[in-house]
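Trainee: Take a look at this one; I'll ask things after.
Where a number appears in this text, it was derived from the coordinates with a stated rule and is not lab data. These figures come from a predicted structure and were not determined experimentally. No Cβ is skipped: glycine too gets one built from the backbone with ideal geometry, and neighbour counts run over all protein chains shown.
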Amino acid sequence: MYDIAIIGAGPAGASAAIFTAKAGKKTVVIDNDKGLTKRAWLENFYGISEISGPDLIEIGKKQAVRLGAELLEDTAVNLEKAGEGFAIETENNGRIEAKHVILATGLSLGIAEKAGVETAEGTEPRIKTILKSDRDGRTNVPGIWAAGTNAGVSVHAIITAGDGAKVAINVISELNGERYVDHDILQS
């Protein structure tokens, strides 16, 4: 069983995976390669003068894998409570179990709705529906978290990336039973 399964590897999902894997949590990322960022051109992402969305996505995935996350190029088709966690059914890799699930599915809410996650009216232009979550990313289903556009934060890639990191820190903190902080120090 994984500690954390992340559905979606756009800026929110990959950012979450970078933090969870670096924290030593057994992490799997399930991504169907259909996110909004695949069509983006970014000139407003801090620390990068300009980058294509597809390049940003690939860099994020590679960074998460380098830090220990497992990446499955697959589509999650069902999510349900199972024992002490959740079972995620995928099209090609069968059943995957995890203690916690972070939904970073952008505009796609179907799997969340199947799991009983409540929705609300969208807050961004052209985003009709979002997942109801608190400021930490918790949904009404304990153990299922929402990050990024599906959680109602701005659709801007840098903001969804930050939201993914925030939610990951909150999940890690819950698993650890104390607030988790990740600060690297420059080595001279």
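Trainee: What nm distance separates the two modelled labels at Glu113 and Arg39, each placed 7 Å from Cα along Cα→Cβ?
Mentor: For the pair Glu113/Arg39, the computed spacing is 2.0 nm.
Trainee: Give me the Debye-computed log₁₀ of I(q)/I(0) at q = 0.18, 0.23 Å⁻¹ for the stretch 62-137, equal point scatterers on Cα only, no solvent, two decimals.
Mentor: Debye curve over Cα of the stretch 62-137, log10 I(q)/I(0) at q = 0.18, 0.23 Å⁻¹: -0.87, -1.19.
Trainee: Just how many % of Cα pairs in the stretch 95-186 lie over 22 Å apart, if you round to the nearest whole percent? Don't skip to the answer; put the middle values down first.
Mentor: Values: 1133 of 4186 pairs.
More than 22 Å apart: 27 percent of the Cα pairs in the stretch 95-186.
Trainee: Just want the ordering: His183, His156, from fewest to most Cβ atoms lying within 10 Å of their own Cβ. Working shown, then result.
Mentor: Values: His183 4, His156 16.
Fewest-to-most ranking of His183, His156: His183, His156.
Trainee: Among all helices in the chain defined by DSSP H, which have a length of 18 Å or more along the axis from Cα atoms plus a Kyte-Doolittle mean of at least 1.0? Mind dumping the intermediate values first?
Mentor: Values: long enough: 53-66 (20 Å, -0.46); 157-176 (28 Å, 0.86).
Span-like helices in the chain: none at all.
Trainee: Give me the distance in nm between label points sitting 7 Å out from Cα along the Cα-to-Cβ direction at Arg126 and Ala82, one decimal.
Mentor: For the pair Arg126/Ala82, the computed spacing is 3.6 nm.
Trainee: Considering the convex hull of the alpha carbon atoms of the stretch 2-176, report its projected area averaged over all viewing directions, in nm², one decimal. Provide the component values of the computation, followed by the final result.
Mentor: On the way: hull surface 35.8 nm².
Average of the hull's projected areas for the stretch 2-176 equals 8.9 nm².
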